[in-house]
Amino acid sequence: MSRTYHYHGFDIEVAVETDFSWKGAERDVHRGVGYVAIVRILKAGAAVAVFSPLRFAESLGKPFTSEAEALMGGYSAGRRIVDDLFTS
């Protein structure tokens, strides 16, 4: 799943990938599949990204539990980066 959002003159591209690598605690029954957001930030209309793709998960490095959470988490992170670095 992927989406492109337009925000303050930038395109925030968010792709969601399945993450099978997270194992959790040994006693954790719900192991295995989670989702991470891959975020690219481009100047609107440009072909080259401002940064290399950034990979985001939930807090403590745990993957998101759903694709929708990963998508919105990636979009929120992308907006914060644009706000912090490119807008005054």
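Listing for the model above:
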read-out	value
Residues being over 11 Å from VAL14 (Cβ atoms) and of a type outside the set (Gly, Ala, Ser) - total across the range 56-84	12
Some residue of the range 16-34 being out of contact with any His (no Cβ under 6 Å at 6 or more places or on another chain), modelled with pLDDT of 80 or more and aromatic (Phe, Trp, Tyr)	no
Residue list for the range 37-88, restricted to those being farther than 20 Å from MET1 by Cα, crowded, with 16+ Cβ neighbours inside 10 Å and either out of contact with any Gly (no Cβ under 9 Å at 6 or more places or on another chain) or acidic (Asp, Glu) (or both)	ILE81
Matching option when the condition is modelled with pLDDT under 95 and within 12 Å of the chain's Cα centre (by Cα), among MET1, MET72	MET1
In the range 40-86, residue farthest from PHE20 (Cα to Cα) [restricted to those that are without any contact (Cβ under 8 Å) to a residue 40 or more places away in the chain, in contact with a Lys or Arg (Cβ under 9 Å, 6 or more places away or on another chain) and of a type in the set (A, V, I, L, M)]	ALA49
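The values are calculated or read from the model by the stated rules, or taken from the named source; none is laboratory data. This structure is a prediction, so every number in the text was calculated from the model and none was measured. No Cβ is skipped: glycine too gets one built from the backbone with ideal geometry, and neighbour counts run over all protein chains shown.
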